[in-house]
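Undergrad: After the structure tokens below, expect a handful of questions from me.
The values are calculated or read from the model by the stated rules, or taken from the named source; none is laboratory data. Computed from a prediction, not measured in an experiment: that's the story for all the values here. All Cβ positions, glycine included, derive from the backbone under ideal geometry; neighbour counts span all protein chains shown. Each accessible area value is taken on the protein alone, full model and side chains, heavy atoms only, with ligands, DNA and RNA left out. Shrake-Rupley method; radii C 1.70, N 1.55, O 1.52, S 1.80 Å.
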Amino acid sequence: QLQLVESGGGLVQPGGSLRLSCAASGFTLDYYAIGWFRQAPGKEREGVSCISSIGANTNYADSVKGRFTISRDNAKNTVYLQMNSLEPEDTAVYYCAAKFSGLYKLCVISPGGEYDYWGQGTQVTVSS
């Protein structure tokens, strides 16, 4: 069964860093674009970052550009989100999601409605 599991969330002070992991099982990520999304209480889900299935094309929401970095390790079937210079506004439940994309080399930032498979989320809290 296809499954995505996020990990790495927690409580961090402003300016701190976290690395989130998204581990896939039941399928390989080679032909899937992977997106990171977040949802804070009372807010709509927003796209944070994405990485394409091929060519390592990446994209970021304006709010996290220069602070977050997405990467993938196909050998480990895992995608990462390195989050630096965290701000209280980054507090949210973070989800990873996968979308089959074949050889399509691009990904775009979106709320994620087009993604097929979702993890259960990991809480990130940025507070002093």
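Undergrad: Just wondering, is there one or more residues in segment 46-58 that are out of contact with any Cys (no Cβ under 9 Å at 6 or more places or on another chain), over 22 Å from GLY16 (Cβ atoms) and in a strand (DSSP E or B)?
TA: Yes, some residue in segment 46-58 is out of contact with any Cys (no Cβ under 9 Å at 6 or more places or on another chain), over 22 Å from GLY16 (Cβ atoms) and in a strand (DSSP E or B).
Undergrad: Follow-up question, since we're still on this one. Quick one: in segment 72-111, which of the residues that are of a type in the set (D, E, K, R) and assigned to a strand (DSSP E or B) is nearest to the chain's Cα centre (by Cα)?
TA: From segment 72-111, those of a type in the set (D, E, K, R) are 72-73, 76, 87, 89-90, 99, 105; that's our starting set.
Pick out the ones that are also assigned to a strand (DSSP E or B) and you get 72-73, 99.
On the way: ARG72: 11, ASP73: 14, LYS99: 12 Å.
Among them, the one singled out is ARG72.
Undergrad: Among what's in segment 43-58 and is out of contact with any Ser or Thr (no Cβ under 9 Å at 6 or more places or on another chain) and closer than 20 Å to TRP118 by Cα, pick the residue that is least open to solvent (accessible area, probe 1.4 Å). Lay out the reasoning, then the answer.
TA: So in segment 43-58, the residues out of contact with any Ser or Thr (no Cβ under 9 Å at 6 or more places or on another chain) come out as 43-45, 55, 57.
Still in the list and also closer than 20 Å to TRP118 by Cα: 43-45.
Values: LYS43: 135, GLU44: 155, ARG45: 83 Å².
Among those residues, the one meeting the criterion is ARG45.
Undergrad: Restricting to segment 21-30, count the residues that are under 18 Å from LYS99 (Cβ atoms) and either among the acidic types (Asp, Glu) or modelled with pLDDT of 95 or more (or both).
TA: Kept after step one, since they are under 18 Å from LYS99 (Cβ atoms), are these residues of segment 21-30: 22-30.
The next check asks that each one be either among the acidic types (Asp, Glu) or modelled with pLDDT of 95 or more (or both); those that pass are 22-23, 30.
The qualifying residues number 3.
Matching residues to (1) closer than 16 Å to GLN120 by Cα; (2) touching a Lys or Arg at 6+ places or on another chain (Cβ under 7 Å):
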| site | (1), (2) |
| --- | --- |
| LEU4 | yes, no |
| TRP36 | yes, no |
| ASN74 | no, no |
| VAL79 | yes, yes |
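Undergrad: Can you name the residue in segment 70-91 that is free of Cβ contacts under 8 Å to residues at least 24 places away in the same chain and open to solvent by less than 70 Å² (accessible area, probe 1.4 Å) and, of all such residues, is nearest to TYR115 (Cα to Cα)? Before the answer, list the steps.
TA: If we filter segment 70-91 for residues that are free of Cβ contacts under 8 Å to residues at least 24 places away in the same chain, which is where we start, we get 71, 73, 75.
Restricting the remaining residues to those that are open to solvent by less than 70 Å² (accessible area, probe 1.4 Å) gives 71, 73.
Values: SER71: 18, ASP73: 20 Å.
Looking at the filtered set, the residue picked out is SER71.
Undergrad: Another one. Go through segment 59-69 and report how many residues are touching a residue at least 24 places away in the same chain (Cβ under 8 Å), surrounded by 15 or more Cβ atoms within 10 Å (Cβ to Cβ) and of a type in the set (S, T, N, Q).
TA: Counting residues in segment 59-69 that are touching a residue at least 24 places away in the same chain (Cβ under 8 Å), surrounded by 15 or more Cβ atoms within 10 Å (Cβ to Cβ) and of a type in the set (S, T, N, Q) gives 1.
Undergrad: Cβ contacts < 9 Å: first residue touching a residue at least 60 places away in the same chain (Cβ under 8 Å), restricted to segment 20-35; second residue part of a helix (DSSP H, G or I) and surrounded by fewer than 17 Cβ atoms within 10 Å (Cβ to Cβ), any location; separation 6+ or different chain. Result?
TA: Here the result reads none, with nothing in segment 20-35 linked to a residue that is part of a helix (DSSP H, G or I) and surrounded by fewer than 17 Cβ atoms within 10 Å (Cβ to Cβ).
Undergrad: Here's something else I'd like to know. Do you know which residues across segment 112-128 are closer than 19 Å to GLN1 by Cα, within 13 Å of the chain's Cα centre (by Cα) and part of a loop (DSSP other than H, G, I, E, B)? First the steps, then the outcome.
TA: We begin by selecting, within segment 112-128, every residue closer than 19 Å to GLN1 by Cα; these are 115-121.
Keeping just the survivors that are within 13 Å of the chain's Cα centre (by Cα) gives 115, 117-121.
TYR115, GLY119, GLN120, GLY121 - these are the residues of segment 112-128 that are closer than 19 Å to GLN1 by Cα, within 13 Å of the chain's Cα centre (by Cα) and part of a loop (DSSP other than H, G, I, E, B).
Undergrad: Here's another thing I want to ask about it. List the residue pairs whose Cβ atoms are under 6 Å apart, where the first residue sits in segment 100-124 and is within 14 Å of TRP36 (Cβ to Cβ), the second is loosely packed, with under 13 Cβ neighbours inside 10 Å, and the two are 6 or more positions apart or on different chains.
TA: TYR117/LEU2
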